[in-house]
Amino acid sequence: MAATSVRPKWASLPTDARAYVERRLGSPVTAAVDCTGGFTPGVASRLLLADGRHVFLKGMSSDHPFAPQYADEIAVTSVLPDGVGPRVLWWAMPEDSDGWWWLCLEDIPGTVPVLSPDSADTVMALAAVEQAGKLLTPSPLDSARPITELVGRWLTGWSTLAAQNPDDLDPWAAGHLSALAGIEEKWQQDAAGKTLLHWDLRPDNMLRREDGSVVIIDWSYQNQGAAWIDPAVLVPHLIMDGHSPADAEAAVSHLPQPDDPDVLTAFAAGIGGYWEKSSRRPNPPGVPFLRAHQVRAAAATRVWLRHRTGWV
(Lines give C-alpha, C1' and ligand atoms only; values in the text may rest on other atoms or scores of the structure.)
Protein backbone atom coordinates (compact mmCIF):
# COMPACT_ATOMS: atom_id res chain seq x y z
CA MET A 1 0.00 0.00 0.00
CA ALA A 2 1.07 3.61 -0.40
CA ALA A 3 2.94 5.29 2.44
CA THR A 4 0.69 7.06 4.93
CA SER A 5 3.22 8.06 7.58
CA VAL A 6 6.86 9.04 7.91
CA ARG A 7 8.36 6.51 10.29
CA PRO A 8 11.94 6.26 11.55
CA LYS A 9 13.85 3.32 10.14
CA TRP A 10 15.26 0.67 12.45
CA ALA A 11 18.80 1.50 11.34
CA SER A 12 18.30 5.19 12.16
CA LEU A 13 17.38 4.63 15.81
CA PRO A 14 19.82 5.59 18.57
CA THR A 15 22.40 2.91 19.30
CA ASP A 16 21.21 2.54 22.90
CA ALA A 17 17.61 1.99 21.77
CA ARG A 18 18.59 -0.74 19.30
CA ALA A 19 20.86 -2.37 21.88
CA TYR A 20 18.01 -2.53 24.39
CA VAL A 21 15.71 -4.18 21.87
CA GLU A 22 18.31 -6.76 20.91
CA ARG A 23 18.89 -7.60 24.58
CA ARG A 24 15.18 -8.17 25.03
CA LEU A 25 15.01 -10.24 21.87
CA GLY A 26 17.99 -12.31 22.91
CA SER A 27 19.43 -12.17 19.42
CA PRO A 28 20.95 -9.52 17.11
CA VAL A 29 18.83 -8.03 14.33
CA THR A 30 20.23 -9.00 10.95
CA ALA A 31 17.63 -7.37 8.68
CA ALA A 32 14.69 -5.00 8.98
CA VAL A 33 11.73 -4.23 6.74
CA ASP A 34 10.47 -0.81 7.79
CA CYS A 35 6.72 -0.33 7.40
CA THR A 36 5.09 2.88 6.18
CA GLY A 37 1.37 2.25 6.76
CA GLY A 38 -0.74 3.77 9.49
CA PHE A 39 -1.00 7.33 10.73
CA THR A 40 1.39 7.44 13.69
CA PRO A 41 5.09 8.29 13.27
CA GLY A 42 6.60 5.60 15.48
CA VAL A 43 8.90 2.74 14.58
CA ALA A 44 7.12 -0.16 12.87
CA SER A 45 9.55 -2.76 11.56
CA ARG A 46 9.56 -6.44 10.71
CA LEU A 47 12.83 -7.76 12.11
CA LEU A 48 14.81 -10.85 11.12
CA LEU A 49 16.97 -12.09 13.98
CA ALA A 50 20.28 -13.93 13.82
CA ASP A 51 18.66 -17.01 15.33
CA GLY A 52 16.16 -17.17 12.44
CA ARG A 53 13.10 -15.75 14.22
CA HIS A 54 10.91 -12.99 12.79
CA VAL A 55 9.18 -10.41 15.01
CA PHE A 56 7.24 -7.20 14.51
CA LEU A 57 8.40 -4.23 16.57
CA LYS A 58 6.60 -0.99 17.34
CA GLY A 59 8.11 1.82 19.37
CA MET A 60 8.25 5.52 20.10
CA SER A 61 10.27 7.84 22.28
CA SER A 62 8.32 8.94 25.34
CA ASP A 63 8.85 12.62 24.54
CA HIS A 64 6.84 12.43 21.29
CA PRO A 65 3.29 13.90 21.35
CA PHE A 66 1.87 10.56 20.15
CA ALA A 67 3.56 8.55 22.91
CA PRO A 68 0.42 8.18 25.11
CA GLN A 69 -1.24 6.27 22.27
CA TYR A 70 1.51 3.64 22.50
CA ALA A 71 0.86 3.30 26.21
CA ASP A 72 -2.80 2.66 25.42
CA GLU A 73 -1.91 0.14 22.73
CA ILE A 74 0.26 -1.84 25.12
CA ALA A 75 -2.50 -1.84 27.74
CA VAL A 76 -5.08 -3.14 25.27
CA THR A 77 -3.02 -5.52 23.14
CA SER A 78 -1.52 -7.24 26.16
CA VAL A 79 -4.95 -8.44 27.36
CA LEU A 80 -6.49 -9.51 24.05
CA PRO A 81 -7.64 -13.13 24.14
CA ASP A 82 -6.48 -15.72 21.63
CA GLY A 83 -8.24 -15.19 18.32
CA VAL A 84 -8.19 -11.39 18.54
CA GLY A 85 -5.20 -9.39 17.37
CA PRO A 86 -1.55 -10.41 17.11
CA ARG A 87 0.21 -12.36 19.85
CA VAL A 88 2.27 -10.18 22.20
CA LEU A 89 5.87 -11.31 22.79
CA TRP A 90 6.95 -8.53 25.18
CA TRP A 91 6.57 -4.85 25.89
CA ALA A 92 8.51 -2.16 27.74
CA MET A 93 7.74 1.16 29.38
CA PRO A 94 10.04 4.23 29.22
CA GLU A 95 11.25 3.91 32.80
CA ASP A 96 12.61 0.46 31.98
CA SER A 97 14.04 1.13 28.52
CA ASP A 98 15.82 4.49 28.54
CA GLY A 99 12.81 6.53 27.53
CA TRP A 100 11.05 4.39 24.91
CA TRP A 101 7.74 2.62 24.62
CA TRP A 102 8.19 -0.76 22.93
CA LEU A 103 5.69 -3.38 21.80
CA CYS A 104 7.02 -6.59 20.27
CA LEU A 105 4.50 -8.79 18.47
CA GLU A 106 4.42 -11.93 16.43
CA ASP A 107 5.25 -11.21 12.80
CA ILE A 108 2.19 -11.96 10.69
CA PRO A 109 2.97 -12.30 6.98
CA GLY A 110 0.14 -10.69 5.09
CA THR A 111 -1.25 -7.78 3.15
CA VAL A 112 -3.86 -5.09 3.69
CA PRO A 113 -7.29 -6.49 2.74
CA VAL A 114 -9.33 -4.86 0.01
CA LEU A 115 -12.89 -4.42 1.25
CA SER A 116 -14.52 -4.07 -2.16
CA PRO A 117 -17.91 -5.54 -3.09
CA ASP A 118 -17.85 -9.31 -3.67
CA SER A 119 -14.32 -9.54 -2.26
CA ALA A 120 -13.39 -12.55 -0.16
CA ASP A 121 -11.40 -10.10 1.96
CA THR A 122 -14.60 -8.33 2.94
CA VAL A 123 -16.19 -11.57 4.12
CA MET A 124 -13.13 -12.50 6.17
CA ALA A 125 -12.71 -9.00 7.62
CA LEU A 126 -16.32 -8.98 8.79
CA ALA A 127 -15.80 -12.44 10.31
CA ALA A 128 -12.85 -11.04 12.27
CA VAL A 129 -14.95 -8.11 13.50
CA GLU A 130 -17.74 -10.48 14.52
CA GLN A 131 -15.36 -12.77 16.43
CA ALA A 132 -13.68 -9.84 18.16
CA GLY A 133 -17.02 -8.48 19.32
CA LYS A 134 -17.94 -11.82 20.86
CA LEU A 135 -14.58 -12.49 22.52
CA LEU A 136 -14.28 -8.95 23.88
CA THR A 137 -17.68 -8.95 25.61
CA PRO A 138 -17.31 -8.42 28.49
CA SER A 139 -14.18 -6.33 28.16
CA PRO A 140 -11.01 -8.04 29.39
CA LEU A 141 -9.47 -4.62 30.17
CA ASP A 142 -10.36 -3.30 33.61
CA SER A 143 -9.13 0.20 32.75
CA ALA A 144 -11.32 0.56 29.65
CA ARG A 145 -13.33 3.79 29.76
CA PRO A 146 -16.84 4.41 28.41
CA ILE A 147 -16.42 5.43 24.79
CA THR A 148 -18.44 8.58 25.35
CA GLU A 149 -15.81 9.98 27.76
CA LEU A 150 -13.27 10.68 25.02
CA VAL A 151 -14.84 9.92 21.67
CA GLY A 152 -18.01 11.73 22.68
CA ARG A 153 -15.98 14.94 22.87
CA TRP A 154 -14.42 14.28 19.47
CA LEU A 155 -17.66 13.69 17.59
CA THR A 156 -18.96 17.25 17.79
CA GLY A 157 -17.42 18.58 14.60
CA TRP A 158 -20.59 19.91 13.01
CA SER A 159 -21.28 22.08 16.06
CA THR A 160 -17.76 23.50 15.85
CA LEU A 161 -18.11 24.15 12.12
CA ALA A 162 -21.52 25.76 12.60
CA ALA A 163 -19.93 28.24 15.00
CA GLN A 164 -17.08 28.93 12.55
CA ASN A 165 -19.28 28.97 9.41
CA PRO A 166 -16.47 28.11 6.94
CA ASP A 167 -17.08 29.04 3.32
CA ASP A 168 -15.54 25.88 1.85
CA LEU A 169 -17.96 23.26 3.15
CA ASP A 170 -19.50 20.80 0.75
CA PRO A 171 -22.80 22.38 -0.43
CA TRP A 172 -24.93 19.56 0.95
CA ALA A 173 -23.22 19.75 4.34
CA ALA A 174 -23.46 23.54 4.37
CA GLY A 175 -27.18 23.39 3.63
CA HIS A 176 -27.83 20.97 6.50
CA LEU A 177 -25.17 22.18 8.93
CA SER A 178 -27.58 23.12 11.72
CA ALA A 179 -29.48 19.85 11.42
CA LEU A 180 -26.25 17.81 11.45
CA ALA A 181 -25.06 19.66 14.55
CA GLY A 182 -28.42 18.95 16.14
CA ILE A 183 -28.16 15.17 15.86
CA GLU A 184 -24.43 14.44 16.09
CA GLU A 185 -24.41 13.66 19.84
CA LYS A 186 -27.62 11.62 19.99
CA TRP A 187 -25.79 8.33 19.33
CA GLN A 188 -24.45 8.54 22.88
CA GLN A 189 -27.85 7.61 24.32
CA ASP A 190 -27.30 4.05 23.09
CA ALA A 191 -23.49 3.85 23.40
CA ALA A 192 -23.15 2.14 26.79
CA GLY A 193 -21.95 -1.43 26.80
CA LYS A 194 -19.34 -3.94 27.99
CA THR A 195 -17.55 -4.60 24.69
CA LEU A 196 -13.89 -3.61 24.36
CA LEU A 197 -13.89 -1.56 21.16
CA HIS A 198 -11.19 -1.10 18.56
CA TRP A 199 -12.76 2.20 17.47
CA ASP A 200 -10.35 2.67 14.53
CA LEU A 201 -11.43 -0.16 12.23
CA ARG A 202 -10.24 0.38 8.66
CA PRO A 203 -8.47 -1.79 6.08
CA ASP A 204 -4.93 -0.71 6.99
CA ASN A 205 -5.60 -1.74 10.59
CA MET A 206 -6.14 -5.28 9.34
CA LEU A 207 -3.91 -7.93 7.83
CA ARG A 208 -4.98 -10.69 5.45
CA ARG A 209 -3.00 -13.79 6.33
CA GLU A 210 -1.71 -16.18 3.70
CA ASP A 211 -4.66 -18.50 4.39
CA GLY A 212 -7.12 -15.69 3.61
CA SER A 213 -8.20 -15.03 7.20
CA VAL A 214 -8.01 -11.50 8.57
CA VAL A 215 -6.51 -10.32 11.85
CA ILE A 216 -7.28 -6.91 13.36
CA ILE A 217 -4.18 -4.97 14.43
CA ASP A 218 -3.32 -1.62 16.07
CA TRP A 219 -5.55 -1.76 19.16
CA SER A 220 -4.77 1.76 20.36
CA TYR A 221 -7.77 2.91 22.43
CA GLN A 222 -8.93 1.95 25.92
CA ASN A 223 -12.64 2.27 25.13
CA GLN A 224 -15.60 0.07 25.89
CA GLY A 225 -19.18 0.48 24.81
CA ALA A 226 -22.03 -0.94 22.78
CA ALA A 227 -21.14 -3.76 20.40
CA TRP A 228 -22.74 -1.97 17.42
CA ILE A 229 -20.11 0.80 17.40
CA ASP A 230 -17.22 -1.03 15.72
CA PRO A 231 -19.38 -2.35 12.84
CA ALA A 232 -20.66 1.20 12.34
CA VAL A 233 -17.12 2.59 12.24
CA LEU A 234 -16.36 0.23 9.35
CA VAL A 235 -19.23 1.41 7.11
CA PRO A 236 -17.53 4.53 5.66
CA HIS A 237 -14.46 2.45 4.80
CA LEU A 238 -16.62 -0.05 2.93
CA ILE A 239 -18.02 2.91 0.99
CA MET A 240 -14.49 4.14 0.26
CA ASP A 241 -13.68 0.69 -1.13
CA GLY A 242 -16.60 0.80 -3.57
CA HIS A 243 -19.75 -0.24 -1.72
CA SER A 244 -22.91 1.81 -2.05
CA PRO A 245 -24.23 3.02 1.31
CA ALA A 246 -27.07 0.49 1.18
CA ASP A 247 -24.67 -2.35 0.33
CA ALA A 248 -22.23 -1.29 3.06
CA GLU A 249 -25.02 -1.36 5.62
CA ALA A 250 -26.20 -4.73 4.33
CA ALA A 251 -22.66 -6.11 4.64
CA VAL A 252 -22.60 -5.41 8.39
CA SER A 253 -26.30 -6.07 9.05
CA HIS A 254 -25.59 -9.48 10.65
CA LEU A 255 -23.41 -7.76 13.24
CA PRO A 256 -24.79 -5.90 16.29
CA GLN A 257 -26.92 -2.85 15.45
CA PRO A 258 -28.55 -0.19 17.63
CA ASP A 259 -32.22 -0.80 18.37
CA ASP A 260 -33.17 2.67 17.13
CA PRO A 261 -32.06 3.40 13.54
CA ASP A 262 -31.89 7.09 14.39
CA VAL A 263 -28.98 6.27 16.71
CA LEU A 264 -26.98 4.94 13.74
CA THR A 265 -27.82 8.08 11.75
CA ALA A 266 -26.62 10.21 14.64
CA PHE A 267 -23.39 8.22 14.86
CA ALA A 268 -22.83 8.70 11.13
CA ALA A 269 -23.30 12.43 11.70
CA GLY A 270 -20.88 12.39 14.61
CA ILE A 271 -18.10 10.56 12.83
CA GLY A 272 -18.62 12.56 9.65
CA GLY A 273 -18.36 15.84 11.54
CA TYR A 274 -15.23 14.60 13.29
CA TRP A 275 -13.50 13.92 9.98
CA GLU A 276 -14.81 17.14 8.44
CA LYS A 277 -13.43 19.24 11.28
CA SER A 278 -10.20 17.27 11.72
CA SER A 279 -9.32 17.43 8.02
CA ARG A 280 -8.97 21.22 8.34
CA ARG A 281 -6.24 21.05 10.98
CA PRO A 282 -2.51 21.20 10.24
CA ASN A 283 -0.79 17.85 9.80
CA PRO A 284 0.64 16.44 13.04
CA PRO A 285 4.45 16.13 13.19
CA GLY A 286 5.62 13.27 11.01
CA VAL A 287 2.16 12.44 9.67
CA PRO A 288 1.81 14.33 6.38
CA PHE A 289 -0.94 12.20 4.86
CA LEU A 290 -3.49 12.05 7.70
CA ARG A 291 -5.57 15.05 6.63
CA ALA A 292 -5.94 13.80 3.06
CA HIS A 293 -7.26 10.50 4.44
CA GLN A 294 -9.73 12.40 6.61
CA VAL A 295 -10.94 14.39 3.58
CA ARG A 296 -11.75 11.09 1.82
CA ALA A 297 -13.38 9.64 4.93
CA ALA A 298 -15.50 12.77 5.39
CA ALA A 299 -16.68 12.56 1.77
CA ALA A 300 -17.63 8.88 2.15
CA THR A 301 -19.53 9.60 5.34
CA ARG A 302 -21.47 12.42 3.66
CA VAL A 303 -22.61 9.88 1.08
CA TRP A 304 -23.69 7.61 3.93
CA LEU A 305 -25.49 10.47 5.68
CA ARG A 306 -27.39 11.47 2.55
CA HIS A 307 -28.54 7.87 2.24
CA ARG A 308 -29.63 7.62 5.87
CA THR A 309 -31.30 11.00 6.21
CA GLY A 310 -32.85 11.35 2.76
CA TRP A 311 -32.07 15.04 2.95
CA VAL A 312 -31.62 16.64 -0.48
Worksheet entry | Odd one out for Arg308 among (1) at pLDDT 95 or above; (2) among the charged types (D, E, K, R); (3) outside any helix (DSSP H, G or I) | (3)
Worksheet item: In segment 275-296, which residues are of a type in the set (A, V, I, L, M, F, W, C) and at pLDDT below 95?
Response: Val287, Phe289, Leu290, Ala292
Worksheet item: Taking Asp142 and the conditions (1) over 19 Å from Ala232 (Cβ atoms); (2) in contact (Cβ under 8 Å) with a residue 60 or more places away in the chain; (3) assigned to a loop (DSSP other than H, G, I, E, B), which numbered condition does it fall short on, given that it satisfies the others?
Response: (2)
Worksheet, complete the sentence: In segment 9-21, residues that are exposed (fewer than 15 other Cβ atoms within 10 Å of the Cβ) and either in contact with a strand residue (DSSP E or B) (Cβ under 7 Å, 6 or more places away or on another chain) or not in a loop (DSSP other than H, G, I, E, B) (or both) total 6
Discussion item. Quick check on my filter: what residues within segment 169-225 are assigned to a loop (DSSP other than H, G, I, E, B), of a type in the set (S, T, N, Q) and touching a His at 6+ places or on another chain (Cβ under 9 Å)?
Written reply: Ser220
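Conditions tested, residue by residue: (1) crowded, with 23+ Cβ neighbours inside 10 Å; (2) touching a residue at least 60 places away in the same chain (Cβ under 8 Å); (3) in contact with a Cys (Cβ under 8 Å, 6 or more places away or on another chain); (4) under 22 Å from Ser139 (Cβ atoms).
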site: Gly212; (1), (2), (3), (4): no, yes, no, no
site: Ala232; (1), (2), (3), (4): yes, no, no, yes
site: Ala251; (1), (2), (3), (4): no, yes, no, no
site: Leu255; (1), (2), (3), (4): no, yes, no, yes
site: Thr265; (1), (2), (3), (4): no, yes, no, no
site: Lys277; (1), (2), (3), (4): no, yes, no, no
site: Leu290; (1), (2), (3), (4): no, yes, no, no
Worksheet item: In segment 224-253, what residues are in contact with a Lys or Arg (Cβ under 8 Å, 6 or more places away or on another chain) and closer than 11 Å to Val303 by Cα?
Response: Met240, Pro245
Discussion item. Return the residues of segment 65-91 that are touching a residue at least 40 places away in the same chain (Cβ under 8 Å) and farther than 29 Å from Lys134 by Cα; say none if nothing qualifies.
Written reply: Pro65, Phe66
Fill in: Leading residue by the ranking (nearest to the chain's Cα centre (by Cα)) among those in segment 58-85 that are crowded, with 22+ Cβ neighbours inside 10 Å and in a strand (DSSP E or B)
Lys58
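Let's see how each residue does on (1) among the polar types (S, T, N, Q); (2) under 30 Å from Leu197 (Cα atoms); (3) in the same structural domain as Ser143 (by TED's automatic domain parsing):
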position	(1), (2), (3)
Val29	no, no, no
Thr40	yes, yes, no
Leu47	no, yes, no
Gly52	no, no, no
Leu57	no, yes, no
Gln69	yes, yes, no
Val76	no, yes, no
Gly99	no, yes, no
Worksheet, complete the sentence: Here the qualifying pairs (Cβ atoms under 9 Å; residues six or more apart or on different chains; first in segment 295-312 and buried (at least 16 other Cβ atoms within 10 Å of the Cβ); second of a type in the set (Asp, Glu) and not in a helix (DSSP H, G or I)) come out as Ala298/Asp170; Ala299/Asp170; Arg302/Asp170
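A quick yes/no check of all residues on (1) within 30 Å of Arg296 (Cα to Cα); (2) of a type outside the set (Gly, Ala, Ser); (3) modelled with pLDDT of 95 or more:
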position	(1), (2), (3)
Val21	no, yes, yes
Gly26	no, no, yes
Ala31	no, no, yes
Leu48	no, yes, yes
Arg53	no, yes, yes
Met60	yes, yes, no
His64	yes, yes, no
Tyr70	yes, yes, no
Leu89	no, yes, yes
Worksheet item: Does Asp204 satisfy the criteria of being surrounded by 14 or more Cβ atoms within 10 Å (Cβ to Cβ), in contact (Cβ under 8 Å) with a residue 12 or more places away in the chain and of a type in the set (Asp, Glu)?
Response: yes
Worksheet entry | Tally of residues being surrounded by 15 or more Cβ atoms within 10 Å (Cβ to Cβ), over 19 Å from Leu234 (Cβ atoms) and not charged (D, E, K, R) across segment 100-139 | 8
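The values are calculated or read from the model by the stated rules, or taken from the named source; none is laboratory data. On a predicted model such as this, the values are computed, not experimentally measured, just so you know. All Cβ positions, glycine included, derive from the backbone under ideal geometry; neighbour counts span all protein chains shown.
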